[in-house]
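The values are calculated or read from the model by the stated rules, or taken from the named source; none is laboratory data. These numbers come from a predicted model, not from an experiment. Methodologically, a virtual Cβ is constructed for each residue, glycine included, from the backbone with ideal geometry; neighbour enumeration extends over all protein chains shown. Please note that ligands, DNA and RNA were not included when accessible areas were found on the heavy atoms of the full protein model with its side chains. Shrake-Rupley method; radii C 1.70, N 1.55, O 1.52, S 1.80 Å.
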Amino acid sequence: MIYRIHHNEAYLMYSVPPLEAMTKLGEQHGVFAFNAEPKSYTDVWKALHIDFSPCTGSKTKAIPDISENFGRLFLSTKAHAVLKDVLAECGEFLPVTYSEGERGFIFNPLLTVEQLDALDTELTTHDHNGNLEYFSFHEKKLKGIAIFKAQLDTYKGIFCSEEVKKVCEKAHLSGITFNPDISNPIGELYTTEQ
């Protein structure tokens, strides 16, 4: 089964300060904070200092093991140790710092369902205004793929395999939910919480 990963609002959400990205990565790559495209940054990366803040209405102060935001994942050192081998073929781990010298990573997924020719175009529908309403994947073509994005979803969603979900659950990694309704960008219903 394929799941859409969502941030669990019971935890703080990470964000990349735009000025930090612009200063350290340069003008050409400084759009990292706003551009969810599956583009590699390994060659130009300098460790960014990221922020954590509560979601709207939340009063939490807990930093999660994993945080999803804008098509990328924050991974604590614990989450990185658990997931590095599972995710390695699907993207890049970009070092970051946060809080008072804590270290972690941003996982930047580089594979897309379109590259893998696994989008089920027959089940993809749009509403009367042309807005994307529903989509589906050919799961057989995604066998062995741990994590990926979709261009039709403007690269902002992150999708993962059952294996990723099980590894996260076994390690009790906090901060994300897994939704089998992959077309749901909000993730409030039918989630299994981490």
Discussion item. Looking at (1) in contact (Cβ under 8 Å) with a residue 60 or more places away in the chain; (2) in a strand (DSSP E or B); (3) open to solvent by less than 20 Å² (accessible area, probe 1.4 Å), which one does Leu94 not meet, given that it meets all the others?
Written reply: (1)
Worksheet item: If you take the residues of region 11-20 that are farther than 14 Å from Ile106 by Cβ and surrounded by 13 or more Cβ atoms within 10 Å (Cβ to Cβ), which of them is modelled with the lowest pLDDT?
Response: Pro18
Worksheet item: Would it be correct to say that Asp85 is at pLDDT 95 or above and exposed (fewer than 14 other Cβ atoms within 10 Å of the Cβ)?
Response: yes
Worksheet, complete the sentence: Residue pairs within 9 Å by beta carbon, gap of at least six or interchain, first lying in region 169-181 and on the phi > 0 side of the Ramachandran plot and surrounded by 15 or more Cβ atoms within 10 Å (Cβ to Cβ), second in a strand (DSSP E or B) and hydroxyl-bearing (Ser, Thr, Tyr), listed first then second, are Gly175/Ser67; Gly175/Ser76
Item to complete: Give the residues of region 41-84 that are β-branched (Val, Ile, Thr) and under 18 Å from the mean Cα position of the chain (by Cα), sorted by residue number.
Response: Thr42, Ile50, Ile63, Ile66, Thr77, Val82
Worksheet entry | Matching residues, region 40-75, being touching a residue at least 60 places away in the same chain (Cβ under 8 Å) and not aliphatic (A, V, I, L, M) | Ser40, Tyr41, Pro64, Asp65, Ser67, Glu68, Asn69, Phe70, Gly71, Arg72, Phe74
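Condition check ((1) of a type in the set (A, V, I, L, M, F, W, C); (2) buried (at least 19 other Cβ atoms within 10 Å of the Cβ); (3) more than 28 Å from Pro180 (Cβ to Cβ)) across all residues:
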position: Glu9; (1), (2), (3): no, no, no
position: Met22; (1), (2), (3): yes, no, yes
position: Glu27; (1), (2), (3): no, no, yes
position: His49; (1), (2), (3): no, no, yes
Discussion item. If I go through region 105-143 residue by residue, how many of them are without any contact (Cβ under 8 Å) to a residue 60 or more places away in the chain, buried (at least 19 other Cβ atoms within 10 Å of the Cβ), of a type outside the set (A, V, I, L, M) and assigned to a strand (DSSP E or B)?
Written reply: 2
Discussion item. If I go through region 34-82 residue by residue, how many of them are touching a helix residue (DSSP H, G or I) at 6+ places or on another chain (Cβ under 9 Å), of a type in the set (A, V, I, L, M), within 18 Å of His6 (Cα to Cα) and not in a strand (DSSP E or B)?
Written reply: 1
